[in-house]
Amino acid sequence: MNEIENTETSASTRDLSNAPDMIVCEGVSKWYGDFQALDDVSATIKEQEVVVVLGPSGSGKSTWIRCINRLEHHQEGRIEVDGIELTNDLRNIEKVRSEVGMVFQQFNLFPHLKVLDNVTLAPIWVRKKPKAEAEEQAAALLERVGIPEQADKYPGQLSGGQQQRVAIARALAMEPRIMLFDEPTSALDPEMIKEVLDVMKELALSGMTMMVVTHEVGFAKEVADRIIFMDDGQIVETGTPEVFFSNPTEDRTKLFLSQIL
Amino acid sequence: MSDTPTSTSAKVLSARPPLWRDAVVLKWVTQLFLLFIVLTSLWFLTSQAGDNLEARDIPSDFNFIERPVDIQLSEGIDTHPDSGGRALWVGMVNTIRISIVGIIFATILGIIVGLARLSNNWLVNRLGTMWVETLRNIPLLVQIIFYFSVLTVLPRVTLESGPINGWFHISNKGISMPRVFLADGFYQWLVVVLIGAVVGYYVHRHRTRIHNETGTITSPTLWALAVITLFAIVGIFIHPIFSWVGSIFGALASLFDSLPVLVPQIVLSGVALVGAAMWVRKFIRKHRSARGHLSLVDDDWFRIIFTAAVSIILVFVFISWSGLSSWILNSGRDLFEVIESKFNVDGAARPFDAMRPEIIQKGKFPNYGPSGLTMSVSFAAVFFGVVFYTSAFIGENVRGGILAVPKGQIEAASAVGLRRSQALRHIILPQAFRVILPPTGNQYLNLTKNTSLAIAVGYSDIVQVGTTVFNQTGKTLPVVGIWMLFYLSCSLTISVIVNWFNVRMQLVER
Amino acid sequence: MSDLNITGVEGTVAIKPPPETPKLPPREWLKENLFSNKFNTLLTLFSTAILLMISRGLLSFIFNPERQWGSTATNLRLMMTQAYPEEQYMRVWVSVAVIFTLVGASMAIWNAGSRVTLRRLGSFLLSSGVVINILTLLAPFSGQAKLIWLIIGSAVAGAGGTLLRVSDKDKNISSLTLVVATLTAAILSLWIVPFGHHSFVFERTPRSMAETGTVALTTKLPWTIMVVIGILAYFFGKTMTSRFPSKNLRPTIIGIWFLTPPTLLYLVLRDPDFDMGHVLNTDIPIFLIFAIAGGILLSWLTRPTTGEIGRVCAALVLLAGFGMFFTPMRMIIRILMLLLATFALAAPTFAGDSKKQRRYVLAWIGVSGIITWLVTAVNTPSTIEVPGDFFLGGVSLTLLVAIFTIVISFPIGILLALARTSKMPIFRILSTWFIEFVRGIPLITILIFFSIMVPLFLPKGMELSEVSAIVIGYSLFSAAYLAENVRGGLQSVTRGQHEAAEAVGMTTSQKTFFIVLPQALRVSIPPLVGHCIGVFKETSLLAIIGLFDILYIARNVIPNQTEFLGSTRENLLFVSLIYFFFAYQMSKASQRLERRVGLGER
Ligand SMILES: Nc1ncnc2c1ncn2[C@@H]1O[C@H](COP(=O)(O)OP(=O)(O)OP(=O)(O)O)[C@@H](O)[C@H]1O
Ligand SMILES: [Mg+2]
């Protein structure tokens, strides 16, 4: 942790005010039956920005992040990703899905495919890449996430941290401009968390636009440009990590921080 | 929804995409296209069949139900039915009869087989395994025919054909044994028992309350059973005083007779419409949030429209098909008249009676008389076939269910000091039963359907009778329709019963 | 086959043999397993009595001098192929040889078989010998027969005992070797033991005459050749595995397995009388037109850039294909059109670079070629002349109906299961109604309905033989049950898998084809095998609607032959044995498969 706080290349020192908008949410609301999971959520995320979403369990973080690549459909408001509005338009959904990569808490690797095939499947059939090219790229990505030697294994034969890194490689293989992470480390043992966070950090420094739901405060402090705090389906507070962690304005935020810090 | 200042412009989903790219539009177009194809194909096939039947001069109507037929059935409530409908009815009763008896015996045997497969005794275990593996892997039909061919080479029936002369006979005409049957006074006696059941219910409640309040052991079930038994015994002597109950049913019968056809039509239509309306209201209420926001996606709209459409179609069917309503009225009247006649007996009738089998010689060969409980050779072949076959499957279910109880449960039971029998009764069986029941319910369904193989050995079940009927009248399509309706209702009944148990057990779980 | 490796689906996992439980000495074993307490002793005595009664009854039935086992032996060919003409019997043997070849090769390629320790073999032989001796004592044999059987039993037991004593703990032998040895022994016995000379003269169904002759003599040479072919095919398969990667080899063999039944039936057994002029003038041109036009259309549709217009085009093709059923048109054109529509609809799923495009077009040409050939063969009259409707009967008919039913019902069942679990409510409703309706009624009503009614539902000029009608009805029935099995598998695929596939941008059909179905089908293998066994067993219902399957022959044909009047029970017992053999082997194989798959997972 100390090491993290001492790093100089903190992403939060960047000035992104002139960067183009990547994700725009305006007044997004969503109901499950009669239960409202998102309540008028509005936020804009700039290109290359790294946003960490915090909030207590059940506050709607996953729901929001899943609305952004249309795993869930929002019912009111509008979501625009890289200038494409998310509607029922098949072409838009297709485009957004290939612009947005997603990493899940439970990895969700395809257990019947080898690691290499997990990574190449979507490029070959969705991006319509030639197989050889896709495999070359996959090998490079596995190298980048630090597990080139596991390509011929099945997901079930890997450790949790390795699986999650494969999942990141799989998402990156689609060459997304945005990466969404939904609690990528909370199903992992402590010693594996670091290897995944390192990969994510490297990704953030390479200029990827990222939206991360996580409870890793260290990661948030070091990498995030902005923290968004949610509760009850609403955005309660937004701010840079320094301000957010040291000087929160809202009572709910203070309560939450007092519990996790 | 309260407006927020940041996003006043963003309340509505913006412009619709073009139709051929709209996921929702495509979804429904695809479905309607398939529906269209299915309906057109069905229409095409039926119109072909209609044309072909007309060309061959066999109209598909249901007239044969009332027309006389020349059919003699081997057994059943009526061996010389006077109409096609009556013949089919006899077949249905035969199917139901063999299914119920089969289910009971297959369950008993299945439990024995399952326990044998779990036994520590090596020999018993092996026997159980042999039983299961042999019976499971030979087609049921082969088994039924084999039993039939074995039974038909048994010796002829004679007065001394034993094994216990005058009490129990086995011969190539079947198996005959003493019979206990419901005599004329049974229905009056049943009224007494029903009253006893009501009293027993209140006694049970009362005793339970005492137990809950004072903690003394009051054995409510025992008390309730005692009350019912008391009523049953007393009923044997006093039941004639209830012969007036028949007149209630008589009145009901004449009520049904006097009602115009319009009444059931209106009642049925009303039920359909009101039911649909209530369902839609409940559905909408469930989808309305506390703040009054109603969020319905396309599937929800489909459900509402579908419900409305079904109810309107039903109303249309009820109104235009007056035959249904008059059938309801007629069969209601007939039912109540039959019940009335059951009460119409003189006072001395007994509720039960028993008789021994007898052997009579009318023509050339001796045969069993009507007095005993006789299992014909065909019945026995089908019965042994389905019971043995199903017992193998039920046995496997029982074994699997008991093995599915985690070992920890048994250990925990002995840890809290339960004896083996107590653990079995309170811990293992309740959990195993939950696993056993669903697949066993499936086996009951299979057994019922498998009795249709009776046609191979000439037992007069619905399929066999139906085949005879359409061979005589040429009305294949209507008979097949009746078969399907009959079996579907049987399947539905069994699954409803099994599901009821299932749900009850799941409630117990919580 | 050199070591204890089992190739599971997910790579190679070595299994260690479980530690052997120390054997109790016989007296204590008896005490513990049979006489541990009073109740147990009672049970033991009771079940011994039952066992003795059953075996005594069975033996005195089988060896009763009144039994006409000659009826079974004489009519073996009737039971296998019914009226298939004797002059053409070479065709049957060729078919059997093809199947033996495939079995042998597949066993090699899938690494079938396991290791059996010699000790296990020894104890098996020992107990079989003891059982033979006990049964011999129970059986109503004459003195000499009894003596011979006792000697055989003791010999077997002795061999087992010696094996048990001599061989050390982990000496083992391949189970395949055992199977081959048993087969060889059986074949040798055909050559050595003078089996009865039986044959029969086929006249007319159902009255056939039997005459003593030489079945055993005419079949022992072919069977010997079959076994040799099977063994050779095994070694051929072994060399293939060392040459080619199993990734390519296995799909090829599976494809051949799928093509084998129709090929054997329509090309070899049925010997279609192709009208070459017609084939050259009509069938081949139609196929060429479809292959070329369809190829062009598909190569356009599989271009990644085609977009929505492609979907509209595919829908139009489907509409056209469907409309063709309402206009007079050759059946082959209708079928090819529907097939093309299916390919067109699936095209975006498999779209990609030029290599993928080429492969897709080739697949289209291959499949349409096979379908054209099949439809032509089906519509061509056979040269085989038999009395009665269909040129095959007996076991062949049973296997034929079972195989075709399973193959046809597979895709239907999967589609029904997908529809029942889909997000589209109308699909769901239609599929659910169909499945529940079919599952609610007995098979026999469906078979009766299809055997009688199908001609009525066909448009004029279209004909369908009774067997085909029944296979269709049976397939629909089977598909409903199969769909339920597959649905179980589909539901076991977690929501996360769906979401992950969607998140990387797969379309619904890509997700289904690449992610969901492979996982779901793997989970449903055991119930699916069980279902196949059920289908096989229930082909016996064909006897009720009067097709000449083996049960019908055993019950209604042979017992009416003048020589063998009333020989029903003998033949029924034989039929039971045949069904039992196949069904039992299949269920054992599926249990082995289950264990194997289970081991492959982690
Ligand atoms: N499919 C669903 N149907 C009904 N309710 C749902 C569904 N998915 C989520 N919810 C509800 O929506 C609310 C928000 O859920 P969400 O998963 O977004 O929370 P979260 O902030 O991600 O929590 P956690 O930190 O535990 O993951 C929860 O109250 C949850 O119960
Ligand atoms: Mg979450």
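The values are calculated or read from the model by the stated rules, or taken from the named source; none is laboratory data. Nothing here was measured: the structure is a model prediction, and the numbers come from that model. Virtual Cβ from ideal backbone geometry, glycine too; neighbours counted across all protein chains shown. Note: areas computed on protein heavy atoms with side chains; ligands, DNA, RNA excluded. Shrake-Rupley method; radii C 1.70, N 1.55, O 1.52, S 1.80 Å.
Quick notes
- Flag if B:Q31 is without any contact (Cβ under 8 Å) to a residue 12 or more places away in the chain, more than 14 Å from chain A (Cβ to nearest Cβ), out of contact with any Cys (no Cβ under 8 Å at 6 or more places or on another chain) and closer than 30 Å to B:H293 by Cα: yes
- In the condition set (1) surrounded by fewer than 19 Cβ atoms within 10 Å (Cβ to Cβ); (2) at the interface with chain A (Cβ under 10 Å from one of its Cβ atoms), C:E502 is compliant with all but (1).
- Answer residue from segment C:67-79, given it is in a helix (DSSP H, G or I) and open to solvent by 50 Å² or more (accessible area, probe 1.4 Å) and is nearest to C:A554 (Cα to Cα) among those: C:L76
- Of all residues in segment C:283-313 being of a type in the set (D, E, K, R) and over 21 Å from C:W373 (Cα atoms), the one that is nearest to the other protein chains (Cβ to nearest Cβ): C:E308
- The set of residues from segment C:451-468 being away from every other protein chain (no Cβ under 11 Å) and open to solvent by less than 30 Å² (accessible area, probe 1.4 Å) comprises just one member, C:V467.
- Restricting segment A:70-111 to residues that are within 23 Å of B:H293 (Cβ to Cβ) and facing another protein chain (nearest Cβ under 7 Å), the residue that is nearest to ligand 1 (Cβ to nearest atom) is A:L71.
- Within segment A:48-69, tally of residues that are more than 11 Å from ligand 1 (Cβ to nearest atom) and at pLDDT 90 or above: 6
- Which listed residue, of A:R165, A:R170, is crowded, with 22+ Cβ neighbours inside 10 Å, out of contact with any strand residue (DSSP E or B) (no Cβ under 7 Å at 6 or more places or on another chain), at pLDDT 90 or above and within 30 Å of A:K30 (Cα to Cα): A:R170
- Just one of the listed residues (B:S325, B:S320) is among the hydroxyl-bearing types (S, T, Y), out of contact with any His (no Cβ under 6 Å at 6 or more places or on another chain) and open to solvent by less than 70 Å² (accessible area, probe 1.4 Å), and it is B:S325.
- Residues that are among the hydroxyl-bearing types (S, T, Y) and part of a helix (DSSP H, G or I), drawn from segment B:211-234: B:T214, B:T221, B:T229
- Of the criteria (1) within 16 Å of ligand 2 (Cβ to nearest atom); (2) open to solvent by 10 Å² or more (accessible area, probe 1.4 Å); (3) under 23 Å from A:V96 (Cα atoms); (4) of a type in the set (A, V, I, L, M), which one A:L188 fails: (3)
- Filter pass, A:F181 being assigned to a helix (DSSP H, G or I) and within 16 Å of ligand 1 (Cβ to nearest atom): no
- B:A415 vs. criteria out of contact with any strand residue (DSSP E or B) (no Cβ under 9 Å at 6 or more places or on another chain), small (G, A, S) and open to solvent by 30 Å² or more (accessible area, probe 1.4 Å): yes
- Residue among C:G496, C:G488, C:G473 that is closer than 28 Å to A:H112 by Cα and in contact with a helix residue (DSSP H, G or I) (Cβ under 7 Å, 6 or more places away or on another chain): C:G488
- The residue that is modelled with the highest pLDDT, among those in segment C:565-577 that are open to solvent by 30 Å² or more (accessible area, probe 1.4 Å) and more than 9 Å from chain B (Cβ to nearest Cβ), is C:F574.
- Answer residue from segment B:133-159, given it is within 8 Å of chain C (Cβ to nearest Cβ) and either more than 17 Å from B:A456 (Cα to Cα) or not in a helix (DSSP H, G or I) (or both) and is modelled with the lowest pLDDT among those: B:V153
- Extreme residue, most open to solvent (accessible area, probe 1.4 Å), among residues of segment A:201-226 that are part of a strand (DSSP E or B) and either at pLDDT below 90 or more than 15 Å from ligand 1 (Cβ to nearest atom) (or both): A:R226
- Some residue of segment B:453-464 being more than 8 Å from chain C (Cβ to nearest Cβ), under 14 Å from B:I100 (Cα atoms) and not in a helix (DSSP H, G or I): yes
- From the list B:V480, B:V469, the lone residue that is more than 11 Å from chain C (Cβ to nearest Cβ), β-branched (V, I, T) and closer than 30 Å to B:D82 by Cβ is B:V469.
- Residues in segment A:146-162 that are assigned to a helix (DSSP H, G or I) and either in contact (Cβ under 8 Å) with a residue 12 or more places away in the chain or surrounded by 21 or more Cβ atoms within 10 Å (Cβ to Cβ) (or both): A:Q150, A:P155, A:G156, A:G160, A:G161, A:Q162.
- Applying the criterion of at least 2 residues that are within 16 Å of ligand 2 (Cβ to nearest atom) to the helices (runs of 4 or more DSSP H) found wholly in segment A:50-134 leaves A:61-68.
- Segment B:485-510: number of residues that are open to solvent by less than 30 Å² (accessible area, probe 1.4 Å) and over 30 Å from B:Q431 (Cα atoms): 2
- Considering segment A:39-49, the residues that are within 14 Å of chain B (Cβ to nearest Cβ) and within 24 Å of C:E502 (Cβ to Cβ) include one that is farthest from ligand 2 (Cβ to nearest atom), namely A:A43.
- Condition check for B:N367 on (1) over 31 Å from the mean Cα position of the chain (by Cα); (2) of a type in the set (S, T, N, Q); (3) surrounded by fewer than 15 Cβ atoms within 10 Å (Cβ to Cβ): one failure, at (3).
- For segment B:454-476, taking the residues that are surrounded by fewer than 20 Cβ atoms within 10 Å (Cβ to Cβ) and in contact (Cβ under 8 Å) with a residue 40 or more places away in the chain, the one that is nearest to B:A49 (Cα to Cα) is identified as B:G474.
- Count of residues meeting criterion [assigned to a loop (DSSP other than H, G, I, E, B) and surrounded by fewer than 22 Cβ atoms within 10 Å (Cβ to Cβ)] in segment A:32-49: 4
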